[in-house]
Amino acid sequence: MFWTTGLAIALANMPMAGAELKCGFATLQQGDLEMTIAAVQQDSLPASVTRVQLQSFDAGHSFALSAIYSPKGTVLGPPTELLATSLVALAGDAQGPTERLLAFPEGAAKEDGASGWVVHRRTPPATIASAAISMGRAGAPIVDHASGGGAYRIERQDRDGKLLGAGTVRLPADAVASALFLKTRTAAIAGLEPCQLQMRLEPPPPMLPPAQRPK
């Protein structure tokens, strides 16, 4: 999952008349990590990165901690938002039932985390259905927990609170994330080509507001 919001905002703020706009996208995998970057360039100006998403998967690749970054130049910086992602295999184009997704620092009470009602859906060409909830933005204790190398537990529950699956995941060390960022950034800029409004990136997985309980 990688969203077009950052790129769309960047394009909206650029003068369009007579401008030559180029876009670049790249996804690199390294072990249980996957980073996707969108880059844009106007005319002969230096290319800039508009959005960075890093996914760190649990051992079974059933859950992921997704971090959004707003880098400055070649400096990745800390994550600006964290998301908890669940991945399940569904038959065909079917969608899963409404479930509750929870994410909280390992060893902490579930009440100290984030939760929301979600529906897993598969968006072609993806073969795995996904759903995600926002865990918060930079400055929130649950997000700052990641900066210290803290782990998170992510759980799936059915409507009645029965545990359907769980995983533990954490972000990599800053040096590892920064090195992967530089490699992915280079690949995205090397692949710049004239932009097309039909984004080749998937939309965010659908989710229900945390306060909205299923009927």
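When the stretch 118-160 is filtered for residues that are of a type in the set (Val, Ile, Thr) and within 12 Å of residue 88 (Cα to Cα), the ones remaining, listed by number, are 119, 127, 128.
In summary, residue 91 fulfils each of the numbered conditions (1) surrounded by fewer than 18 Cβ atoms within 10 Å (Cβ to Cβ); (2) in contact with a Ser or Thr (Cβ under 8 Å, 6 or more places away or on another chain) with the single exception of condition (2).
Restricting attention to the stretch 51-69, which residues are in contact (Cβ under 8 Å) with a residue 60 or more places away in the chain and more than 15 Å from residue 150 (Cα to Cα)? Hits for the stretch 51-69 are 52, 54, 59, 60, 62, 63, 69.
No other residue among 175, 188, 132 is out of contact with any Gly (no Cβ under 8 Å at 6 or more places or on another chain) and either over 25 Å from residue 59 (Cβ atoms) or assigned to a helix (DSSP H, G or I) (or both) apart from 175.
Per-residue answers, yes or no, for (1) free of Cβ contacts under 8 Å to residues at least 60 places away in the same chain; (2) surrounded by 15 or more Cβ atoms within 10 Å (Cβ to Cβ):
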site: 99; (1), (2): no, yes
site: 103; (1), (2): yes, yes
site: 107; (1), (2): yes, no
site: 122; (1), (2): yes, yes
site: 128; (1), (2): yes, no
site: 152; (1), (2): no, yes
site: 156; (1), (2): no, yes
site: 163; (1), (2): yes, no
site: 179; (1), (2): yes, no
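Look through the stretch 35-50, keep the residues that are in a strand (DSSP E or B) and among the polar types (S, T, N, Q), and return whichever of them is surrounded by the fewest Cβ atoms within 10 Å (Cβ to Cβ). Even if it seems obvious, please write down each step before you answer.
Of the residues in the stretch 35-50, the ones in a strand (DSSP E or B) are 35-42, 48-50.
So of that shortlist, the ones also among the polar types (S, T, N, Q) come out as 36, 41-42, 48, 50.
Working: 36: 21, 41: 18, 42: 18, 48: 14, 50: 22.
The residue in question is 48.
Keeping to the stretch 135-171, report how many residues are among the small types (Gly, Ala, Ser) and assigned to a helix (DSSP H, G or I). Please lay out each step first, then the result.
The first filter runs over the stretch 135-171 and keeps only residues among the small types (Gly, Ala, Ser), leaving 136, 138-140, 146-151, 161, 165-167.
With assigned to a helix (DSSP H, G or I) added as a condition, the list becomes 146-147.
So the count comes out to 2.
Bear in mind that the values in this text are calculations on the coordinates, not laboratory data. Please read all numbers here as calculations on a predicted model, not as lab measurements. Virtual Cβ from ideal backbone geometry, glycine too; neighbours counted across all protein chains shown.
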